[in-house]
Amino acid sequence: MEKQTALKQYFGHTAFRPGQEVVIDALLNGQDVLGVMPTGAGKSICYQIPALLLPGLTVVISPLISLMKDQVATLTQVGIPAAYINSSLSDAQYQTVFRRATGGAYRILYVAPERLATADFRSLAVQAAVSLVAVDEAHCVSQWGQDFRPSYLKIAAFLDGLPRRPVVGAFTATATAEVSEDIVRLLQLRGPLVVTNGFDRPNLYFEVAEPRHKMTYLSHFLDQHRDQCGIVYCATRKTVETVCAKLREQGVSATCYHAGLGDEERRQNQEAFVYDRETVMVATNAFGMGIDKSNVSFVVHYNMPKNLESYYQEAGRAGRDGEKAHCVLLFSNRDVQMAKFLIRNANANETLSEAEREQVLQRDLMRLEQMVGYCKTTDCLRSYLLEYFGEARILPCGNCGNCKGQFTERDITTEAQKILSAVARVEKRYPSGLGIALVIQMLRGSKGQRVLRLGLDHLSTYGIMRGIDQQTIRSYIDHLISEGYLEQTDGEYPVLRRTVRSSDVLFHGAQVTLKEKQIGRWERASGSRLSKSEIRPADGTAEDGLFQMLRDLRMQLAQKEGVPAYIVFSNAALLDMAARRPRSMAEFLAVSGVGQVKARRYGAQFLRAIRIWAQQGTDTAED
Ligand code: ADP
Ligand code: ZN
């Protein structure tokens, strides 16, 4: 069989995506591969098609049990014999899989890395003549990465121990240069073809908002995304609980996930989300690794994460099916304090020396700074992300909150002068300095206890910004920090200090301008609900009656078979089906994502549904 034929026949796709074909060719020619491709780029097909075309068995090493189960279900659905071996199997199940695998019943076998070292598995690998080993989430081999797994270090020895070394393909979505080098070295890849597909996820819309009331913002956002699945990430378990409870009160179909829940509850909640029984998952960052749910349409960060690596990984769980998806981060200055606190109190790695620990701390704080920079920038957000991950800018992307957003530029030189001279007075009077909160209170002329006790009311700058709210002054100070006129010291009690540059503003006529996002319509009309027409999505696709009906049918079929809906068909496939409205099996096969086996299994039912819909709705079908 040809790779092109396999692509259509099994997976129902007509063309390879960027990167897929070269990877497949290399593996088929016996060359090792390191594929660095973003989530949703289609890494699985890169080894699944070679698995179909090569003799013998393909072993896929994967760190996550839930992911394996999902992949095997997907493969079985399209008619590729596959199985997995991990700790979730009973003894009897294990025996069956083992026997069938050695007998050559499967094309693809997923295993957890811990298995590789066992004598059992070695003998299986020899008998089943493993010809390809695919290492999924290959960055787990590197200590530089976030998800280091010691068992990944055993992969090289496993390959060495085989009578004939199989060709090896390593895949990851997250690899800096160090991690890539680690992967090649520690997996002992031989003259690998390195394919870097870039980090860009064109179908994701990035946005940062700084709403006054996050909860109100979130409710409106979910209103606009009714009927879609999504994740809301929060920084702490407590926030998860609160947000989830409030959403439920408002009638949102929400569930939650964090490390404080019992195993069983976590499993149930996760399943409810994966199987679309609940549409919104409110979770800490404990949720997600190994979730292969492809129809996640939005990821909201209720709090800012600690670094852009985490942010991009978590936000990247949206839109894996290639459909448009929305990633919004709700920023507040309190998030920065919270993140600092979490970084300083993180469990220190015991094996590190004092100096190394300090190094890690400084690195983490620097990453945090970059993360805050993302929230504050008024430039293209996508460019900011890509640049951070070492890629060329594509400016402006035209598809992010900043590219689409409206900004106003405001001259805040007078305000800046007031703040800077206040800090100057403070420095004279209190050489050890004061924290931001006190400086703001002093500027606003507060009669707070600490202000009076410290005698701040005797300074000439006391009350010079009376009448301006705290948040606004705070945003000026943040701006002065980011422009390098002020700095905030590190340590337990950070204080504000002027920099040498501050004299430019105070004495040499430098102007300070602030770019501000225009406040959203609904925020001004505080709390008032929008009318229906305002919250409908602009394009009617999601509202399309046929699409809805196909989704319902998919849900019924998925429930009957006990698999998640997206395993039956992806949203992308249903949208294409709704657009094409196939009338025959041949037309059905032309739908993107429909292969031979799925056409045989589901074709008749979908064709029938489309026919009935067309008969009933001829008056509304065409627009
Ligand atoms: P990754 O593992 O890189 O995150 P997947 O392998 O899960 O990505 O693929 C993501 C989605 O892209 C899947 O829904 C898959 O069906 C789809 N896909 C992969 N390759 C193609 C292709 N050549 N044409 C159309 N869709 C594809
Ligand atoms: Zn942009």
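The values are calculated or read from the model by the stated rules, or taken from the named source; none is laboratory data. Keep in mind the model is a prediction, meaning the values are calculated, not measured. Glycine also receives a Cβ, built like all others from the backbone with ideal geometry; neighbour counts cover every protein chain displayed. For the accessible areas, the whole protein counts, side chains as well, though only heavy atoms, and no ligand, DNA or RNA atoms are used. Shrake-Rupley method; radii C 1.70, N 1.55, O 1.52, S 1.80 Å.
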For the range 455-483, which positions are among the β-branched types (Val, Ile, Thr) and either more than 11 Å from ILE419 (Cα to Cα) or in contact with a strand residue (DSSP E or B) (Cβ under 7 Å, 6 or more places away or on another chain) (or both)? ILE468, THR472, ILE477, ILE481
Yes or no: the range 387-397 includes at least one residue that is closer than 30 Å to GLY435 by Cα and acidic (Asp, Glu). no
Would you mention how many residues in the range 366-385 are open to solvent by less than 50 Å² (accessible area, probe 1.4 Å) and over 14 Å from HIS479 (Cα atoms)? 8
Sort out which residues of the range 257-282 are open to solvent by less than 20 Å² (accessible area, probe 1.4 Å) and under 17 Å from LEU247 (Cα atoms), and write them in order of number. HIS258, ALA272, PHE273, VAL280, MET281, VAL282
Selection from the range 219-236 of residues open to solvent by 30 Å² or more (accessible area, probe 1.4 Å) and either touching a helix residue (DSSP H, G or I) at 6+ places or on another chain (Cβ under 6 Å) or at pLDDT 95 or above (or both) yields ASP223, GLN224, ALA235
Mind checking which residues of the range 185-224 are aromatic (Phe, Trp, Tyr) and assigned to a loop (DSSP other than H, G, I, E, B)? PHE199
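For the range 72-89, check the following and say yes or no: at least one residue is more than 22 Å from PHE569 (Cβ to Cβ), of a type outside the set (Lys, Arg) and touching a residue at least 40 places away in the same chain (Cβ under 8 Å). Steps first, answer last, please.
First, pick out the residues of the range 72-89 that are more than 22 Å from PHE569 (Cβ to Cβ): 83-89.
Right, trim to of a type outside the set (Lys, Arg) and you get 83-89.
Subsequent filtering for residues that are touching a residue at least 40 places away in the same chain (Cβ under 8 Å) retains none.
Within the range 72-89 (the criterion being more than 22 Å from PHE569 (Cβ to Cβ), of a type outside the set (Lys, Arg) and touching a residue at least 40 places away in the same chain (Cβ under 8 Å)), the answer is no, since none of the residues qualifies.
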Enumerate the strands (runs of 3 or more DSSP E) found wholly within the range 417-526, keeping only those where 1 or more residues are open to solvent by less than 70 Å² (accessible area, probe 1.4 Å), at pLDDT 90 or above and out of contact with any Asp or Glu (no Cβ under 6 Å at 6 or more places or on another chain). 486-488, 496-498
Answer yes or no as to whether ALA614 is part of a helix (DSSP H, G or I), of a type in the set (A, V, I, L, M, F, W, C) and open to solvent by 60 Å² or more (accessible area, probe 1.4 Å). no
Selected residue (criterion: farthest from ligand 2 (Cβ to nearest atom)) from residues of the range 7-30 that are open to solvent by 50 Å² or more (accessible area, probe 1.4 Å) and hydrophobic (A, V, I, L, M, F, W, C): LEU28
Looking across the range 40-58 at residues that are out of contact with any Lys or Arg (no Cβ under 7 Å at 6 or more places or on another chain) and of a type in the set (Ser, Thr, Tyr), the single one that is nearest to ligand 1 (Cβ to nearest atom) is SER44
Candidates LEU204, LEU218, LEU153, LEU187 - the one that is within 17 Å of the chain's Cα centre (by Cα) and aliphatic (A, V, I, L, M): LEU204
List, please: which pairs have Cβ atoms under 7 Å, are six or more places apart or on different chains, and start with a residue in the range 1-15 that is without any contact (Cβ under 8 Å) to a residue 60 or more places away in the chain and under 13 Å from CYS46 (Cα atoms) and end with one that is open to solvent by less than 60 Å² (accessible area, probe 1.4 Å) and not hydroxyl-bearing (Ser, Thr, Tyr)? LYS3/ILE24; LYS3/ILE49; LYS3/LEU53; ALA6/ILE49; ALA6/LEU52; ALA6/LEU53; LEU7/PHE16; LEU7/ILE49
Tell me yes or no: at least one residue of the range 200-217 is charged (D, E, K, R), touching a helix residue (DSSP H, G or I) at 6+ places or on another chain (Cβ under 9 Å), surrounded by fewer than 18 Cβ atoms within 10 Å (Cβ to Cβ) and more than 20 Å from HIS326 (Cβ to Cβ). yes
The one condition THR239 fails out of (1) of a type in the set (Ser, Thr, Tyr); (2) in a loop (DSSP other than H, G, I, E, B); (3) more than 15 Å from ligand 1 (Cβ to nearest atom) is (2)
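Could you check how many residues of the range 572-611 are part of a helix (DSSP H, G or I) and open to solvent by 60 Å² or more (accessible area, probe 1.4 Å)? Spell out the reasoning first.
At the first step, the residues of the range 572-611 found to be part of a helix (DSSP H, G or I) are 572-580, 585-589, 596-611.
Next, only the ones that are open to solvent by 60 Å² or more (accessible area, probe 1.4 Å) stay: 579-580, 585-587, 596, 600-601, 604-605, 608, 611.
Result for the range 572-611: 12.
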LEU361 versus (1) open to solvent by 80 Å² or more (accessible area, probe 1.4 Å); (2) away from ligand 2 (no atom under 16 Å from the Cβ); (3) over 21 Å from HIS479 (Cα atoms): which is the lone unmet condition? (1)
Cβ-Cβ under 8 Å pairs, at least 6 apart or on other chains, the range 418-439 side in contact (Cβ under 8 Å) with a residue 12 or more places away in the chain, far side among the aromatic types (Phe, Trp, Tyr): ILE419/TYR476; LEU420/TYR485; GLY435/TYR493
Given the conditions (1) surrounded by fewer than 22 Cβ atoms within 10 Å (Cβ to Cβ); (2) under 30 Å from LEU557 (Cβ atoms); (3) at pLDDT below 95, report the number of the one that GLN313 does not fulfil. (2)
Away from ligand 1 (no atom under 16 Å from the Cβ), in contact (Cβ under 8 Å) with a residue 24 or more places away in the chain, charged (D, E, K, R) and farther than 23 Å from GLU210 by Cα - does that describe any residue in the range 383-400? yes
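Which residues, taken from the range 386-412, are open to solvent by less than 20 Å² (accessible area, probe 1.4 Å) and more than 14 Å from ligand 2 (Cβ to nearest atom)?
Going residue by residue through the range 386-412, those that are open to solvent by less than 20 Å² (accessible area, probe 1.4 Å) are 386, 400-402, 412.
Across the range 386-412, the qualifying residue is only ILE412.
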Of everything in the range 552-571, what is buried (at least 19 other Cβ atoms within 10 Å of the Cβ) and of a type in the set (D, E, K, R)? Give them in sequence order. ARG554
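If we keep just the residues of the range 134-181 that are in a strand (DSSP E or B) and in contact with a Phe, Trp or Tyr (Cβ under 8 Å, 6 or more places away or on another chain), which is surrounded by the most Cβ atoms within 10 Å (Cβ to Cβ)?
For the range 134-181, the residue satisfying everything is GLY169.
Can you tell me which residue among ALA339, ALA325 is within 16 Å of ligand 1 (Cβ to nearest atom) and open to solvent by less than 20 Å² (accessible area, probe 1.4 Å)? Walk me through it before giving the result.
On the way: ALA339 fails: within 16 Å of ligand 1 (Cβ to nearest atom).
Residue meeting the stated conditions: ALA325.
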So, first residue over 21 Å from TRP144 (Cα atoms) in the range 186-201, second residue open to solvent by 50 Å² or more (accessible area, probe 1.4 Å) and aliphatic (A, V, I, L, M), Cβ within less than 9 Å, six or more apart or across chains; the pairs are LEU193/VAL22; ASP200/ILE394
